[in-house]
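**Q** Encoded as structure tokens, here's the structure I'll be asking about.
What follows is calculated from the coordinates using simple rules that are stated; it is not laboratory data. Predicted model, so just to flag it, every value in this text is computed and none were measured. Using ideal geometry, Cβ is built from the backbone for each residue, glycine included, and neighbour counts are taken over all protein chains shown.
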Amino acid sequence: MPVASYSLAQTAHGPWWYAWTDDGVCAAAQGELSEGEFVDRLDVLGLAEARRSDDAHPPESVDFSAVRGAFRRKVLEACSRIPEGEVRTYGQLAAECGSPGAARAVGTAMAQNPVPGRVPCHRVVRGDGHLGQYSAGGSVRKQEMLIREGVAVDDGRVPIGSAE
């Protein structure tokens, strides 16, 4: 993987760390992480040579080249297209990726999402409408983010209707 730059950026969901290459953002994390903790994550991703940048505006594009597995990459790409203010279920995302029985695998891909600030895994919920977990801050953070985007959340659930 090429050398990456990283910085702390202010977003609608608070501060986020971003790392990027010439091809786009390749890693992200909530700003509550210390710089050292974020750099450690970059090292695990093979970005040991990442350099701090003064640019607090990372590119809009996402670099999926470090994501292992074609299905996982496909799931993250599909998730990145979920519009703000909308949700999908794990099963819907699995079906969209051509594997309708792979809801658990979609959940695993969401839990291992290296760029949660750009691949909005908080917009993916359980088939019964329950929010489920969120690896970048827990279910409370997931609920806060969805509400901020205009999603109706009631008692930890979103309306799914006949989604599945």
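**Q** Taking the condition touching a residue at least 40 places away in the same chain (Cβ under 8 Å), farther than 17 Å from residue 116 by Cβ and surrounded by fewer than 17 Cβ atoms within 10 Å (Cβ to Cβ), does residue 35 pass?
**A** Against the criterion (touching a residue at least 40 places away in the same chain (Cβ under 8 Å), farther than 17 Å from residue 116 by Cβ and surrounded by fewer than 17 Cβ atoms within 10 Å (Cβ to Cβ)), residue 35 does not qualify.
**Q** I would also like to ask the following. Considering only residues that are among the acidic types (Asp, Glu) and in contact with a helix residue (DSSP H, G or I) (Cβ under 7 Å, 6 or more places away or on another chain), look in the stretch 81-136 and name the one that is surrounded by the most Cβ atoms within 10 Å (Cβ to Cβ).
**A** 96
**Q** Hey, another quick one. Mind telling me which of the residues 158, 151 ends up being touching a Leu at 6+ places or on another chain (Cβ under 9 Å), of a type outside the set (Ser, Thr, Tyr) and closer than 28 Å to residue 60 by Cβ?
**A** 158
**Q** Considering only residues that are charged (D, E, K, R) and under 21 Å from residue 13 (Cβ atoms), look in the stretch 45-76 and name the one that is surrounded by the fewest Cβ atoms within 10 Å (Cβ to Cβ).
**A** Per the stated criteria, the residue is 60.
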